[in-house]
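So the structure is just underneath, and the comments pick up after that.
The values are calculated or read from the model by the stated rules, or taken from the named source; none is laboratory data. Just so it is clear, the structure is predicted and the values come from calculations on it, not from any experiment. For neighbour counting, all protein chains shown are included, and Cβ atoms are generated from backbone atoms with ideal geometry for every residue, glycine included.
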């Protein structure tokens with residue numbers, strides 16, 4: 001287990017986890033780790049599904065395999081460093097390797113990973129981690145998928161029997177979407193429902209985790225990030241505050257810069273009235289838990 005208490009930043013994909021992870025990692029004592037559960041990342045790992053489900057009910061050897069994989073990423077250990085060393089291909093990789101080796105020893109690890117959302121309880125328990133869960137309005141989430149044209153292969157759910165049991169209310173719909181491709185709006189609606197149904201389960205089981213709405217962070221980033229820093233024991237310095245302000249007030253959007261207040265309602269421009277009504281109707285049961293009528 002990591003010597004310094006890990007931080008996990010998760011939520012649905014396209015919910016602001018990268019922004020939040022990078023803003024928390026502004027603390028000089030935090031080391032940012034990108035998506036261990038992302039099966040497209042160039043890592044040698046035991047995961048084979050998007051949104052893989054790992055639990056205490058899994059065989060001990062399976063849990064140990066995944067635990068060791070994560071632990072090798074979190075901490076300074078021979079296996080983890082050896083894997084990093086084996087990926088060196090040039091001078092930049094050497095620089096990155098040396099920097100990462102230093103940070104493994106001296107900094108608190110932060111895992112930014114929306115793909116781990118189905119297994120966050122297992123991760124948090126096994127590694128005694130602080131958890132920050134992002135919540136984002138369903139229309140904003142679906143609009144983001146529409147713009148990116150990000151479709152999903154639902155076989156990654158159906159091939160996980162235990163996960164399908166967890167997602168029982170949506171099992172029939174997931175199976176239907178696996179068999180016949182649906183449009184991006186309907187896919188987004190189902191993906192949002194699945195993710196936030198799981199997050200609602202977490203809220204009931206783990207009330208001490210930090211649950212923060214993307215909209216609240218966007219409207220008042222300094223005060224909302226300050227709360228997060230305090231809750232997970234980080235140092236909210238003037239330098240950190242300045243960087244957060246810069247990231248959320250830029251008039252020209254970049255990878256991690258945006259006018260965050262303006263960004264809150266961009267979904268109204270990206271979606272048709274009909275699409276908004278579909279999203280509102282089909283996510284109502286879960287979205288009412290997180291958002292009142294005024295957010296529509």
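In this structure, does residue 139 turn out to be in contact with a helix residue (DSSP H, G or I) (Cβ under 7 Å, 6 or more places away or on another chain), at negative phi, modelled with pLDDT of 95 or more and crowded, with 20+ Cβ neighbours inside 10 Å?
Values: in contact with a helix residue (DSSP H, G or I) (Cβ under 7 Å, 6 or more places away or on another chain): yes; at negative phi: yes; modelled with pLDDT of 95 or more: yes; crowded, with 20+ Cβ neighbours inside 10 Å: yes.
Considered against the rule, which asks whether it is in contact with a helix residue (DSSP H, G or I) (Cβ under 7 Å, 6 or more places away or on another chain), at negative phi, modelled with pLDDT of 95 or more and crowded, with 20+ Cβ neighbours inside 10 Å, residue 139 comes out as yes.
Put simply, of 155, 226, 146, 204 the only residue that is under 30 Å from residue 25 (Cβ atoms), out of contact with any strand residue (DSSP E or B) (no Cβ under 6 Å at 6 or more places or on another chain), free of Cβ contacts under 8 Å to residues at least 24 places away in the same chain and surrounded by 15 or more Cβ atoms within 10 Å (Cβ to Cβ) is 226. Residue-level check: of (1) farther than 15 Å from residue 15 by Cα; (2) in contact with a strand residue (DSSP E or B) (Cβ under 8 Å, 6 or more places away or on another chain), residue 213 misses just (1).
Results for (1) at pLDDT below 95; (2) part of a loop (DSSP other than H, G, I, E, B); (3) at positive phi; (4) in contact with a helix residue (DSSP H, G or I) (Cβ under 9 Å, 6 or more places away or on another chain), shown as yes or no for each residue.
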position: 181; (1), (2), (3), (4): yes, yes, no, yes
position: 204; (1), (2), (3), (4): no, no, no, no
position: 207; (1), (2), (3), (4): no, yes, no, no
position: 217; (1), (2), (3), (4): no, no, no, yes
position: 222; (1), (2), (3), (4): no, no, no, yes
position: 251; (1), (2), (3), (4): yes, yes, no, yes
position: 255; (1), (2), (3), (4): yes, yes, no, yes
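Of all the criteria given as (1) touching a strand residue (DSSP E or B) at 6+ places or on another chain (Cβ under 8 Å); (2) assigned to a loop (DSSP other than H, G, I, E, B), the one not satisfied by residue 199 is (2). Given the criteria surrounded by fewer than 15 Cβ atoms within 10 Å (Cβ to Cβ) and either in contact (Cβ under 8 Å) with a residue 60 or more places away in the chain or in a loop (DSSP other than H, G, I, E, B) (or both), does residue 239 qualify? For residue 239, the condition - surrounded by fewer than 15 Cβ atoms within 10 Å (Cβ to Cβ) and either in contact (Cβ under 8 Å) with a residue 60 or more places away in the chain or in a loop (DSSP other than H, G, I, E, B) (or both) - is met. Inspect all residues belonging to region 188-199 and state whether any of them is under 22 Å from residue 6 (Cα atoms) and either free of Cβ contacts under 8 Å to residues at least 40 places away in the same chain or buried (at least 17 other Cβ atoms within 10 Å of the Cβ) (or both). For region 188-199, residues under 22 Å from residue 6 (Cα atoms) and either free of Cβ contacts under 8 Å to residues at least 40 places away in the same chain or buried (at least 17 other Cβ atoms within 10 Å of the Cβ) (or both): present.
Restricting attention to region 103-128, the residues being free of Cβ contacts under 8 Å to residues at least 60 places away in the same chain and buried (at least 22 other Cβ atoms within 10 Å of the Cβ) number 0. Taken residue by residue, region 5-14 has at least one member that is farther than 11 Å from residue 113 by Cβ and surrounded by fewer than 21 Cβ atoms within 10 Å (Cβ to Cβ).
Restricted to helices (runs of 4 or more DSSP H) entirely inside region 26-114, those with at least 3 residues that are closer than 27 Å to residue 154 by Cβ and modelled with pLDDT of 65 or more are 60-74.
Is it the case, given these coordinates, that residue 124 is in contact with a strand residue (DSSP E or B) (Cβ under 9 Å, 6 or more places away or on another chain), within 18 Å of residue 24 (Cα to Cα) and not in a strand (DSSP E or B)? Considered against the rule, which asks whether it is in contact with a strand residue (DSSP E or B) (Cβ under 9 Å, 6 or more places away or on another chain), within 18 Å of residue 24 (Cα to Cα) and not in a strand (DSSP E or B), residue 124 comes out as yes. The set of residues from region 34-50 being under 15 Å from residue 111 (Cβ atoms), surrounded by fewer than 23 Cβ atoms within 10 Å (Cβ to Cβ) and touching a residue at least 12 places away in the same chain (Cβ under 8 Å) comprises 34, 35, 36, 38, 43, 45, 47.
Confirm whether residue 287 is surrounded by 14 or more Cβ atoms within 10 Å (Cβ to Cβ), modelled with pLDDT under 95 and in contact with a helix residue (DSSP H, G or I) (Cβ under 8 Å, 6 or more places away or on another chain). Answer is no for this residue. If the condition is being part of a loop (DSSP other than H, G, I, E, B) and closer than 11 Å to residue 132 by Cα, then region 224-234 contributes only 232.
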